[in-house]
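Structure, as structure tokens:
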Amino acid sequence: MEINEMLFLAIALTTVLSALIVALSKKIIYSAFALLLTLIGFAGLFIYLSADFLSMAQIMIYVGGILILILFGVLMTQRIYDPSQITAHNSIWVSLAGGIAMAAITGAVVWLNPWGKTLAKDFEYSTSRIGSELLTKYLLPFEVISVLLLAVLIGAVYLGRSREVHK
Amino acid sequence: MNNLESLQFFIPELFLTAGLLVTIIVELLLKKEQKVFTAYLAATVLLITIFFLIRQYAIEPAALFGGMVVIDPMAVFFKILTAVSTLIIVFFSIPSFRVKAEYYVLLLATTLGMMLMAQVNDLLMIILAMELVGLVSYVLAGYRRSDPKSGEASLKYILFGAASTGIMAFGFSYIYGLTGQTNLFEIQQALQSTQHNPVILFVAFVLIIAGLGYKIAMVPFHFWLPDVYEGAPTPVTAFFSVGPKAAGMAVLIRFIISIVAGVSADGQTFTANAPIHAQELLAVLAVLTMTLGNLSALQQKNIKRMMAYSSIAHAGYMLMALAVFTSQSVEAVMFYLVVYMFMNFGAFWVIHRMTPHLGSEEITAYTGLGYRAPLVAVAMGVFMFSLTGLPPLAGFIGKFYLFAAVIKAEWYILAVLGVLNSVVSLYYYAYVTKVMFLNRGDDESAVSISSYDTALLLVFLIPTLVLGVYWVPVISWATQSLHFFLG
């Protein structure tokens, strides 16, 4: 086995195992920390798909931003260690049936179609291409996102600010 | 067409965005008691946008921004429809949101999203436009921060919305993996030129329908709707019931004419790209949607919840017509949306203005309203019978076209099930009218109605009555707009 494949297996295994902890752990704080490993694992998988920019964005946004936010949320919740506050789980059999059905469907889809084969070409940096495509081919989506973020910002400020003080 | 050349065909959207930014800045300069001015500013912006939109009918169908969006009469039709519905909602909201300038900014942002939804031609743009509408809608649903029900509505909306968008994006990823394209017409060509395994296409279709179906409240993706409609402030509920739904229908039509089926050059015949039984699936979902909507509406005590289930049922009628894939059915859906806008807004306007007087949203609170506020009660009766689809009201003509399209395509069982559903719906719509006129309540004092309320009521009442006897202009508008850009 080449070192390449071993590394891939290690990353894939870490991702799946930590994802299991996220789903099955009874304490929400363990779930939150296991999520860290899952997200880093995803970043590693993106590198194997030659998506270097996506992988860095994954680490910066999900690991650096969203996960920290989740951790803050978890830590600021009172009585987090209270044994009566364990996270609720649905019936294991229902979840298992749903998961197996989903796995069967996606498995069938993967199996039935000759998806594009891996291209035998050298790794090239995608960042500069993403940059120029964003301002040429994908200009409209790029600008729509800016309006979307503005609107969402206004909405978030409205919902988040404290009640107006009556003079 | 490249980005720079496309700008001249994008004037309404650019103007709307500029108007949105100006509204934000003007709001900062106003004192609190002057802030109602932002509502009038938003209305003016929308009015000018509609004027620009009407002029777009002269433009030849084309793809803009390198195929991200298209401009064709169908897009213009839906853009005008959604802009008009938002314009009405601005006036609808002025009595209750006088000093809330952000509210009007958010309405304008949603309108921009709905206008983009009407003309999307790329998987990426579908997600972005739907999220622009969706994310702002979550805020609007929770706009009454002091009301826990409003917060609950917002939370339920965001959880369902996020899940369904994720599922839809997953479906898109299959389509992208199969064809290597995100442009809808390039996907169509790729699907027509190569044979793909129908199972994969079917799975992708189901996943995508989950996302689109959530937007138009199709069963089984409707769970959010009753709670959101009940919890959101009534003007917002009215807004959700027409504009975003029409935009969702527009995306569904685009999806059907590009990925699911190919349309001949004259726009008359639809041929499926792959044997995935999309029509049968849509027909089954349509029957489920209207049946569940109507049967659940029967049991509702709260009038806003009843209207929520009624809106699910109406989505079912429109889906029923779309399932047959003919140009006639698309035309019927377009006509129905215009009619639905007036009668549904009318019903919500009565609910909105009467709730403070009646003190409750229960249907029983409307007991004897016919003697306390005759004009309002008569109007409500007209809206209810129009929603049922009784002649000579606008709703009857709308339903007539829907059923005619289904029967002409020889889907008789579907049409029969639709008619049976209409009969069921008569019970709960007529029940509201019955308590208003045949029963007398304890409180018989007259309800005073301001002239503003009456004026807006007439704006909804007159089209509902007139379109029932003279609907030619609207149906010919829909026929003229039935012209797609086809790659």
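Condition check ((1) β-branched (V, I, T); (2) crowded, with 24+ Cβ neighbours inside 10 Å; (3) touching a helix residue (DSSP H, G or I) at 6+ places or on another chain (Cβ under 6 Å); (4) over 25 Å from B:G243 (Cβ atoms)) across all residues:
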site	(1), (2), (3), (4)
B:A332	no, yes, yes, no
B:Y336	no, yes, yes, no
B:V350	yes, yes, yes, no
B:S360	no, no, no, yes
B:Y366	no, yes, yes, yes
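State yes or no: is B:A39 out of contact with any Ser or Thr (no Cβ under 6 Å at 6 or more places or on another chain), among the aliphatic types (A, V, I, L, M), assigned to a helix (DSSP H, G or I) and open to solvent by less than 10 Å² (accessible area, probe 1.4 Å)? Yes, satisfied.
Residue-wise test of (1) open to solvent by less than 70 Å² (accessible area, probe 1.4 Å); (2) at pLDDT below 90.
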site: A:S95; (1), (2): yes, yes
site: A:A108; (1), (2): yes, yes
site: A:G116; (1), (2): no, yes
site: A:E124; (1), (2): no, yes
site: A:R129; (1), (2): no, yes
site: A:L140; (1), (2): yes, no
site: A:A151; (1), (2): yes, no
site: A:I154; (1), (2): yes, no
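Each residue in segment B:427-463 was checked for being of a type outside the set (S, T, Y), open to solvent by 60 Å² or more (accessible area, probe 1.4 Å) and closer than 16 Å to B:L387 by Cα, and 2 pass. Can we say B:T165 is hydroxyl-bearing (S, T, Y) and within 11 Å of another protein chain (Cβ to nearest Cβ)? So B:T165 fails the test. Among the residues of segment B:256-279, is there at least one that is more than 25 Å from B:V432 (Cα to Cα), under 18 Å from the mean Cα position of the chain (by Cα) and not hydroxyl-bearing (S, T, Y)? Checked segment B:256-279: at least one residue is more than 25 Å from B:V432 (Cα to Cα), under 18 Å from the mean Cα position of the chain (by Cα) and not hydroxyl-bearing (S, T, Y). Of the residues making up segment B:50-71, not a single one is within 26 Å of A:I154 (Cα to Cα) and crowded, with 24+ Cβ neighbours inside 10 Å. When B:D122 is tested against the conditions (1) open to solvent by 30 Å² or more (accessible area, probe 1.4 Å); (2) among the charged types (D, E, K, R); (3) within 11 Å of chain A (Cβ to nearest Cβ), the lone failure is (1).
A single member of B:V339, B:V350 is within 20 Å of B:K408 (Cβ to Cβ), in a helix (DSSP H, G or I) and assigned by TED's automatic domain parsing to the domain that holds B:F484, and it is B:V339.
Checked against the criterion of being facing chain A (nearest Cβ under 10 Å), free of Cβ contacts under 8 Å to residues at least 12 places away in the same chain and open to solvent by 10 Å² or more (accessible area, probe 1.4 Å), the candidates B:V206, B:V199 yield just one match: B:V199. Identify all residues within segment A:1-16 that are part of a helix (DSSP H, G or I), surrounded by fewer than 18 Cβ atoms within 10 Å (Cβ to Cβ) and among the hydrophobic types (A, V, I, L, M, F, W, C); write none if there are none. Once the filter is applied, which keeps residues that are part of a helix (DSSP H, G or I), surrounded by fewer than 18 Cβ atoms within 10 Å (Cβ to Cβ) and among the hydrophobic types (A, V, I, L, M, F, W, C), segment A:1-16 yields A:I3, A:M6, A:L7, A:F8, A:L9, A:A10, A:A12, A:L13, A:V16.
Checked against (1) surrounded by 12 or more Cβ atoms within 10 Å (Cβ to Cβ); (2) modelled with pLDDT of 90 or more, A:A104 passes all but a single condition, namely (1).
Restricted to helices (runs of 4 or more DSSP H) entirely inside segment B:180-262, those with at least 2 residues that are under 21 Å from B:M68 (Cα atoms) and of a type in the set (A, V, I, L, M) are B:184-193, B:198-215, B:234-255.
Would you pick out the residues in segment A:156-167 that are more than 9 Å from chain B (Cβ to nearest Cβ) and either at pLDDT 90 or above or outside any loop (DSSP other than H, G, I, E, B) (or both)? Matches in segment A:156-167: A:G160 only. Within segment B:177-193, one or more residues are closer than 21 Å to A:W115 by Cβ, hydroxyl-bearing (S, T, Y) and within 11 Å of chain A (Cβ to nearest Cβ). Entry remark, segment A:17-66: residues being over 30 Å from A:E124 (Cβ atoms) and either open to solvent by less than 50 Å² (accessible area, probe 1.4 Å) or among the small types (G, A, S) (or both) number 10 in total. Residue count for segment B:87-114 under the criterion of being away from every other protein chain (no Cβ under 13 Å), under 14 Å from B:Y40 (Cβ atoms) and more than 19 Å from the chain's Cα centre (by Cα): the result is 3. May I ask you to list the residues in segment B:364-396 that are farther than 21 Å from B:A332 by Cα, assigned to a helix (DSSP H, G or I) and among the polar types (S, T, N, Q)? Within segment B:364-396, B:T364 is the sole residue that qualifies.
Annotation: B:F52 fulfils all but one of (1) more than 19 Å from the chain's Cα centre (by Cα); (2) under 30 Å from B:Q181 (Cβ atoms); (3) in a helix (DSSP H, G or I); the unmet one is (2). The residues of segment A:15-48 that are among the polar types (S, T, N, Q) and modelled with pLDDT under 90, listed by number, are A:S25, A:S31.
Residues being under 17 Å from B:V90 (Cα atoms) and either surrounded by 14 or more Cβ atoms within 10 Å (Cβ to Cβ) or in the same structural domain as B:H483 (by TED's automatic domain parsing) (or both): count how many of those fall in segment B:27-36.
Total satisfying the criteria: 3.
So for segment A:61-80 (the condition being assigned to a loop (DSSP other than H, G, I, E, B) and under 20 Å from A:T14 (Cα atoms)), does at least one residue qualify? No, because not a single residue in segment A:61-80 is assigned to a loop (DSSP other than H, G, I, E, B) and under 20 Å from A:T14 (Cα atoms).
Taking the criterion of being of a type in the set (D, E) and either touching a strand residue (DSSP E or B) at 6+ places or on another chain (Cβ under 6 Å) or assigned to a helix (DSSP H, G or I) (or both), the only residue of segment B:434-487 that qualifies is B:D453. Can you find, within segment B:8-26, the residue that is nearest to the other protein chains (Cβ to nearest Cβ) among those that are open to solvent by 70 Å² or more (accessible area, probe 1.4 Å) and more than 24 Å from B:V99 (Cβ to Cβ)? In this case the residue turns out to be B:L14.
The values are calculated or read from the model by the stated rules, or taken from the named source; none is laboratory data. No experiment lies behind these values; they were computed from the predicted model shown. Methodologically, a virtual Cβ is constructed for each residue, glycine included, from the backbone with ideal geometry; neighbour enumeration extends over all protein chains shown. The area values use the complete protein model at the heavy-atom level, side chains included, leaving out ligands, DNA and RNA. Shrake-Rupley method; radii C 1.70, N 1.55, O 1.52, S 1.80 Å.
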